[in-house]
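What follows is calculated from the coordinates using simple rules that are stated; it is not laboratory data. Fair warning: this is a prediction, and the values are worked out from it, not measured in the lab. Every residue, glycine as well, gets a Cβ built from its backbone with ideal geometry; the counts of neighbours run over all protein chains shown.
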Amino acid sequence: MQDPMLTTLIPMVGIVAIFYFIVWRPQQQQAKKLREAVENVRRGDTVVLNSGIIGKIAKVPQKEDPEFTVEIADNVMVRVLRASVAEVRAKNTPVEAKTEKADK
């Protein structure tokens, strides 16, 4: 006869493993990429803020500085926190086109 505790524990371990590989791990990798991109931001790079505002880096920040200056329109400068950056686009990098699968 099998132990009922073991019968219950095996599916739970499987569910946790599935969540780790499908949800948590990709989210951690994406957060790591964003963190590295924000650390390596340069003057002229385009950034998208969490609020949806798109602007260009006007002042190159120091590594330990928690904020930098973004130009959101001609001669309109805004100081923003590094944590408020949702996406960093390099100067000459085109936006990646999202493609949908034709066969559904």
Report yes if some residue within the range 2-19 is loosely packed, with under 10 Cβ neighbours inside 10 Å, among the acidic types (Asp, Glu) and either part of a loop (DSSP other than H, G, I, E, B) or in contact (Cβ under 8 Å) with a residue 40 or more places away in the chain (or both); otherwise report no.
-> yes
Can you tell me which residue in the range 58-79 is surrounded by the most Cβ atoms within 10 Å (Cβ to Cβ), limited to those that are touching a strand residue (DSSP E or B) at 6+ places or on another chain (Cβ under 6 Å) and of a type in the set (Val, Ile, Thr)?
-> 70
